[in-house]
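Accompanying notes for the structure given below.
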Amino acid sequence: MRSDIAGGGPRSGRRPRWIPVRPARFPVSTRVRVRTLVLTIAASAAALVTMTWSLTLGSHELSPAEVARTLVGAPAEPGHAFIVNSVRLPRALTAALVGAALAVSGAVLQALVRNPLASPDVIGVNSGAGLVVVFTLVTALPAAVVPVGAFVGATVTAFVVYALTWRSGVSGTRLVLVGIGVNAVASALTTLLIVRYPVDRVSLAVWWQAGTLHGAEWADVTVLLVGAAVLLPVVLWFTRHAAVLQFGDDAARALGVRAEQARTALLVASAGFAALAVAAAGPIGFVALISPHIARMLAGPLTGGVLLFAAGIGACMLSAADLVARHAFPIALPVGVLTAAVGAPYFLFLLARTNRAR
């Protein structure tokens, strides 16, 4: 006889803690914690509210009703369609998608190396992607090369850091130290490119390096959506092996898990999400570090559901940061400046707490 859903059922008098998910046309099934589902919906709703609010603010303020009429194509004031559909909506969607991509990248990386301080910006993955992107900008290569170059730079950097860290396992402290070193090298090479080329070529690269959503277009949204559609199934499929990998390769093989295959797939996917974010908005820091921490604190260890919850947190966080950076100061700031100002103290707090735990 099949047992009730985990955590209780009609016979136990308790509400079920898990909801089974069985797609009708696919030979797979899974289950989602009710708490995780509720938290994911709440985070997504908060991100949606923040995005909607951002559509109303600017040099020409609009009411929520005017924004809604414009989005559905109803008759509106002249110019509203351009303001909303061509300027503000691409930026709002790019902010949410970049935040979600960074959160997923950070969550996967932290679970893979078992280090709460790991994130693509801390260990140099973002800088590696940024180095290649700056090269494409200063050499005036076609715009289509940017996301490909970012992916190559992020992936190569991730494997270099991982290879230099690996000694019968990954040491958390060693990972951070190696990552900081690789980050410094990539940043130095980026600076060399900037000072070597004429000012008219490097001005865009300098602005982009601060981490900005200014000038976001529908092309950025398209690249982010296509990239996420390719990478997210890979992450969700191999995330189920993340907990097993924490016990070592021998234990993973004993349980039928191909450790190297799973580890490589997760590392490439994490670097891919970081590359998508860097290509669209520049090297924005600390969203990938903070979002997974909040998700684990509220929903527990990494699962597919917790990963989506972290993505919702990242989307909400970067959307809110962009809103504040644009409207809370006398001049609009690059969103990367604000995330760095907030994230750096949080990183130091995590570092101190990790040291005390030892």
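When the range 221-243 is filtered for residues that are at pLDDT 85 or above, surrounded by 14 or more Cβ atoms within 10 Å (Cβ to Cβ) and either over 20 Å from A269 (Cβ atoms) or of a type in the set (A, V, I, L, M) (or both), the ones remaining, listed by number, are V221, V223, L224, A228, L231, L232, V234, V235, L236. Inside the range 92-140, can you point out the residues that are closer than 26 Å to R263 by Cα, small (G, A, S) and outside any helix (DSSP H, G or I)? Listed by number, the residues that qualify are A118, S119, G124.
Does L164 satisfy the condition of being more than 20 Å from V221 (Cβ to Cβ), without any contact (Cβ under 8 Å) to a residue 24 or more places away in the chain and over 17 Å from the mean Cα position of the chain (by Cα)?
On the way: more than 20 Å from V221 (Cβ to Cβ): yes; without any contact (Cβ under 8 Å) to a residue 24 or more places away in the chain: yes; over 17 Å from the mean Cα position of the chain (by Cα): yes.
It is true that L164 is more than 20 Å from V221 (Cβ to Cβ), without any contact (Cβ under 8 Å) to a residue 24 or more places away in the chain and over 17 Å from the mean Cα position of the chain (by Cα).
Tell me yes or no: at least one residue of the range 232-246 is part of a loop (DSSP other than H, G, I, E, B), closer than 18 Å to A103 by Cα and in contact with a strand residue (DSSP E or B) (Cβ under 9 Å, 6 or more places away or on another chain). So far as the range 232-246 goes, yes, one or more of its residues are part of a loop (DSSP other than H, G, I, E, B), closer than 18 Å to A103 by Cα and in contact with a strand residue (DSSP E or B) (Cβ under 9 Å, 6 or more places away or on another chain). Residue check: is A46 without any contact (Cβ under 8 Å) to a residue 60 or more places away in the chain and surrounded by fewer than 20 Cβ atoms within 10 Å (Cβ to Cβ)? In short, no. Scanning the range 296-310 for any residue that is touching a residue at least 40 places away in the same chain (Cβ under 8 Å) and closer than 26 Å to S187 by Cβ turns up nothing. Being among the aromatic types (F, W, Y) and surrounded by fewer than 24 Cβ atoms within 10 Å (Cβ to Cβ) is a property that F273 lacks. Restricting the range 123-136 to residues that are buried (at least 24 other Cβ atoms within 10 Å of the Cβ) and of a type in the set (A, V, I, L, M, F, W, C), the residue that is farthest from A154 (Cα to Cα) is V134. Of note, I194 does not satisfy the criterion of being assigned to a helix (DSSP H, G or I), of a type in the set (V, I, T), out of contact with any helix residue (DSSP H, G or I) (no Cβ under 9 Å at 6 or more places or on another chain) and modelled with pLDDT of 80 or more.
One residue is enough: does the range 172-179 have a residue meeting the conditions closer than 22 Å to L351 by Cβ and among the basic types (K, R)?
Kept after step one, since they are closer than 22 Å to L351 by Cβ, are these residues of the range 172-179: 172-179.
From what's left, among the basic types (K, R): 174.
Scanning the range 172-179 turns up at least one residue that is closer than 22 Å to L351 by Cβ and among the basic types (K, R).
Here G248, G256, G304 are screened, and the one residue that is at pLDDT 80 or above and either in contact with a helix residue (DSSP H, G or I) (Cβ under 8 Å, 6 or more places away or on another chain) or of a type in the set (G, A, S) (or both) is G304.
The values are calculated or read from the model by the stated rules, or taken from the named source; none is laboratory data. Since this is a predicted model, take the numbers as computed values, not measurements. Because the Cβ atoms are built from the backbone with ideal geometry, glycine has one as well, and the counts that use them run over all protein chains shown.
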